[in-house]
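S.K.: Sharing a structure below in structure tokens format, with a few things to ask.
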Amino acid sequence: MDKVLFITYFWPPSGKASLHWPLKIIQHLSELNWLPAVLTVKEDIFSHKDESLLKHVPPNLNIIKTGTYEPFKIYRKLIGKKNNEALIPSESISKENKSLGHKLSVWIRMNLFIPDARAGWYWPAVKVSRKFLMKNENYKVIVSIGPPHTGHLIGKKLSKTFNIPHVPVFIDPWTDIVYYKNFIRNKLTLAVDRYFEKTVLQNAKKVVFVTHTMKNDYIRKYKWLENKSHVLYWGYNEEDFEGIISSAPQDGKVILHAGNIFDYQNPVNFWKNIKRKMEKGEKFKIKFIGTVSPGIKKTIEEISLKEHTEFVGFLPYSEMIKELMKASYLLVCATEPRHVPGKLFEYLRTGKPIIAFGNNNEEVKKILEDSNAGMLFNYNDDAEDFFIKKGELNTNIEIVKKFDRKNIAKELVEIIKD
């Protein structure tokens with residue numbers, strides 16, 4: 001069996017959505033005559049925990065857990081949270097918080113932590129994994145998952161030290177990820193970050209992107225990437241839907257959003273349209289599973305939809321899937337044209353009509369049109385066209401099933417085996 005080392009900061013019992021891809025891909029690789037090992041942290045102190053995910057970890061998987069130097073204790077103090085209070089991603093970069101502590105914490109995050117807030121993982125991870133690789137030879141490839149892009153730097157270091165091919169997987173862009181857009185990063189920070197990004201890509205044997213648009217964007221930036229770049233979609237797990245029956249609410253329509261939603265993903269005119277419909281006698285309920293930014297909560301309140309909105313908060317993954325299957329419509333918000341939200345693929349598998357927002361996001365639009373699963377709108381649209389044409393939507397589940405991670409794992413094998 002060929003050996004592969006995965007580097008992923010997020011791992012069960014963390015409840016971070018970013019771990020679902022490596023977790024399931026690793027499970028399927030074990031069935032495809034590969035022997036995976038995982039390098040991760042001892043504890044993810046930022047994210048909610050989902051103990052139910054532990055049952056999906058292969059029992060004989062070699063897991064190397066390391067310490068890390070985290071800034072989040074300092075961050076909690078700056079924003080006035082207690083040590084045991086959960087940190088909310090959509091709040092951490094919201095511009096609604098005008099406090100000095102919040103502004104200082106954002107400036108520190110944007111300018112002093114390079115490439116990201118998990119930079120303190122680099123040296124502990126390198127130290128421990130070097131010892132591991134010295135004792136465990138014949139690893140054929142190293143696969144790193146980012147963000148956090150610190151994982152890619154660890155992968156590059158190990159690749160060069162042990163002469164093992166490195167394949168970084170880019171879930172999001174690196175130096176121009178969307179949430180940097182409205183914040184100031186100094187020139188030195190940007191120069192160092194761009195250097196890190198370029199050297200990782202230069203060293204990589206192959207590079208995997210989770211969208212075609214991101215891949216094409218990187219090739220425009222680095223022409224020499226063209227012959228070693230590949231796309232593997234985020235996908236979903238078919239087995240997670242086994243035995244779950246789709247249902248519909250009896251007292252009106254439920255519009256559900258699952259995952260983190262940020263200030264820059266706020267479809268204000270859509271909320272206003274829902275309010276107008278309710279004033280005409282239609283019944284709607286808005287439900288958020290996961291974290292919701294202060295800006296969106298403020299809009300919901302200003303439009304007088306608060307009493308018709310439920311903020312559920314974090315749910316274990318299996319419970320979240322059940323909630324998707326009970327909704328009337330599923331709402332997804334892409335951050336920018338290079339972004340295909342991971343949640344979209346679970347949405348697709350439910351067969352429920354999808355309302356998507358994302359300015360000029362042709363890739364999301366194509367996926368929805370090919371599967372006849374939903375419609376995409378710009379953020380300033382009220383999405384009224386969805387309610388007019390929703391009867392024409394009928395998801396082609398056979399097309400959707402090509403996104404099953406069992407299929408994606410087979411594609412990854414073809415990439416890493418050379």
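The values are calculated or read from the model by the stated rules, or taken from the named source; none is laboratory data. All values reported here derive from a predicted model rather than from experimental measurement. Glycine gets a Cβ as well: all are built from the backbone with ideal geometry, and neighbour counts include every protein chain shown.
S.K.: Condition (residue is loosely packed, with under 15 Cβ neighbours inside 10 Å, more than 19 Å from the chain's Cα centre (by Cα) and either at pLDDT below 95 or not assigned by TED's automatic domain parsing to the domain that holds Ser318 (or both)) applied to region 205-217: is it met by at least one residue? If you could, list the steps in order and put the result at the bottom.
M.R.: The initial filter retains those residues of region 205-217 that are loosely packed, with under 15 Cβ neighbours inside 10 Å, namely none.
No, region 205-217 has no match at all.
S.K.: Assess whether Leu158 counts as being modelled with pLDDT of 95 or more and in a helix (DSSP H, G or I). Give the steps one after another, and end with the answer.
M.R.: Details: modelled with pLDDT of 95 or more: yes; in a helix (DSSP H, G or I): yes.
Taking the combined requirement at face value, the residue satisfies it.
S.K.: Could you give me the residue pairs with C-beta distances under 7 Å whose first residue belongs to region 313-326 and is basic (Lys, Arg), whose second residue is surrounded by fewer than 18 Cβ atoms within 10 Å (Cβ to Cβ) and outside any helix (DSSP H, G or I) wherever it lies, and which are 6+ apart or on separate chains?
M.R.: So the pair list comes out as Lys322/Ile244; Lys326/Ser247; Lys326/Pro249.
S.K.: Here is a follow-up. How many of the residues in region 192-211 are touching a Leu at 6+ places or on another chain (Cβ under 9 Å), assigned to a helix (DSSP H, G or I) and either of a type in the set (A, V, I, L, M) or under 11 Å from Pro115 (Cβ atoms) (or both)?
M.R.: Going through region 192-211 one residue at a time, the tally reaches 3.
S.K.: List, please: which pairs have Cβ atoms under 6 Å, are six or more places apart or on different chains, and start with a residue in region 405-418 that is in contact (Cβ under 8 Å) with a residue 12 or more places away in the chain and surrounded by 15 or more Cβ atoms within 10 Å (Cβ to Cβ) and end with one that is basic (Lys, Arg) and in a helix (DSSP H, G or I)?
M.R.: Once the first residue is in contact (Cβ under 8 Å) with a residue 12 or more places away in the chain and surrounded by 15 or more Cβ atoms within 10 Å (Cβ to Cβ) and sits in region 405-418, its partners that are basic (Lys, Arg) and in a helix (DSSP H, G or I) give Arg405/Lys24.
S.K.: Could you check region 243-360 for helices (runs of 4 or more DSSP H) lying wholly inside it with 3 or more residues that are touching a strand residue (DSSP E or B) at 6+ places or on another chain (Cβ under 9 Å) and under 16 Å from Asp382 (Cα atoms)? Spell out how you get there, then give the answer.
M.R.: Details: elements: 268-279, 294-302, 317-326, 343-350.
Per the criteria, 268-279.
Matching residues to (1) modelled with pLDDT of 95 or more; (2) exposed (fewer than 15 other Cβ atoms within 10 Å of the Cβ); (3) outside any loop (DSSP other than H, G, I, E, B); (4) among the aromatic types (Phe, Trp, Tyr):
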site: Arg130; (1), (2), (3), (4): yes, yes, yes, no
site: Val141; (1), (2), (3), (4): yes, no, yes, no
site: Gly151; (1), (2), (3), (4): yes, no, yes, no
site: Pro168; (1), (2), (3), (4): yes, no, yes, no
site: Asn182; (1), (2), (3), (4): no, yes, no, no
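S.K.: Within region 279-326, can you find the residues that are out of contact with any Pro (no Cβ under 8 Å at 6 or more places or on another chain) and polar (S, T, N, Q)?
M.R.: Our first condition is that a residue be out of contact with any Pro (no Cβ under 8 Å at 6 or more places or on another chain); within region 279-326, this holds for 279-284, 286-290, 292-325.
Result: Ser293, Thr299, Ser304, Thr309, Ser318.
S.K.: So if I check each of Leu32, Leu19, which one is buried (at least 22 other Cβ atoms within 10 Å of the Cβ) and in the same structural domain as Ser144 (by TED's automatic domain parsing)?
M.R.: Working: Leu32 fails: buried (at least 22 other Cβ atoms within 10 Å of the Cβ).
It is Leu19.
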